[in-house]
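FYI, it's all coordinate maths here, none of it is from the lab. These numbers were taken from a predicted model, which means no experiment stands behind them. Cβ sites come from the backbone with ideal geometry, for glycine too, and all protein chains shown count toward neighbours.
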Amino acid sequence: MHNSANERNYGHLINEGLENELEAKISRYLRDNITFVCFPVDEESQRLRLEEGIIATLNRHPSFGPSSNWLGLNSPLSEISSSGLWNRQGLQGQPLSDEELELVKWLARFGNDSYRNNTGRRTRVQRAEDSVRVAVEATGSQGKTADDVRQYIEKLLQEAKMIGEYYIDLVSGDIHKQMGMKNRMPQICRIMYEKMMPGDEVLHTTPSGKSSTIKIRYYLRNR
């Protein structure tokens, strides 16, 4: 939308048809390529602390940086052009501690479940996943088939059921990484969908349905 001053000064240069076309292209790109996750943080002070910690952690991590064609490289503000973030505040803050990182991971994965009241559940879920992952790593990552993926997911489901969980949330990128696979994300996602039963929920998906952020909640009672 243009304000009146700009319309008076530059109205003759405005091509509304082209603007609408570009906006539609940008919207399609965002829908098809950008994913994000929202999670609840009850206390304002904690929200501000985690925000600062995430920004500082990204800014200081050696593997994080902008692509060569990132528009922010042309910013006149050195904090933006050098950090790879459209942000000036929090860059030099305190990075996330190990405990804070686990908190973020828990909230992002389990949503509204209370972090403070689920210490036992976090421990049980982590132990179950660790035991399955160790078993998979021991077999090596070469030559894994679709059946191997099915068996791995089934082991995660059964381990969670055995320790009394009502459901388990699985993320495609986690499975892909834990199994040591490369360029097999579509297969992982397809099998995750195959393993769904009536009542299971897709908590996060993308237009392609085959990204590393596919998240499905599997209920365990009838498995």
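Within the range 17-45, residues that are touching a residue at least 40 places away in the same chain (Cβ under 8 Å) sit with their Cβ atoms under 7 Å from residues that are assigned to a helix (DSSP H, G or I) and surrounded by 10 or more Cβ atoms within 10 Å (Cβ to Cβ), at 6+ positions apart or across chains, in these pairs: 37/108; 39/107; 39/108; 40/107; 41/47; 41/50; 41/107. State which residue is nearest to residue 38 (Cα to Cα) when the search covers only the range 58-101 and only residues that are of a type in the set (S, T, N, Q) and touching a residue at least 40 places away in the same chain (Cβ under 8 Å). Here the residue is 97.
When the range 9-19 is filtered for residues that are exposed (fewer than 10 other Cβ atoms within 10 Å of the Cβ) and either under 30 Å from residue 206 (Cα atoms) or charged (D, E, K, R) (or both), the ones remaining, listed by number, are 16, 17, 18. Check whether at least one residue in the range 34-51 is closer than 30 Å to residue 204 by Cα, in a helix (DSSP H, G or I) and either of a type in the set (Val, Ile, Thr) or touching a Ser or Thr at 6+ places or on another chain (Cβ under 8 Å) (or both), and report yes or no. There is no residue in the range 34-51 that is closer than 30 Å to residue 204 by Cα, in a helix (DSSP H, G or I) and either of a type in the set (Val, Ile, Thr) or touching a Ser or Thr at 6+ places or on another chain (Cβ under 8 Å) (or both). Scanning the range 166-203 for residues being touching a residue at least 40 places away in the same chain (Cβ under 8 Å) and part of a strand (DSSP E or B) gives a total of 6.
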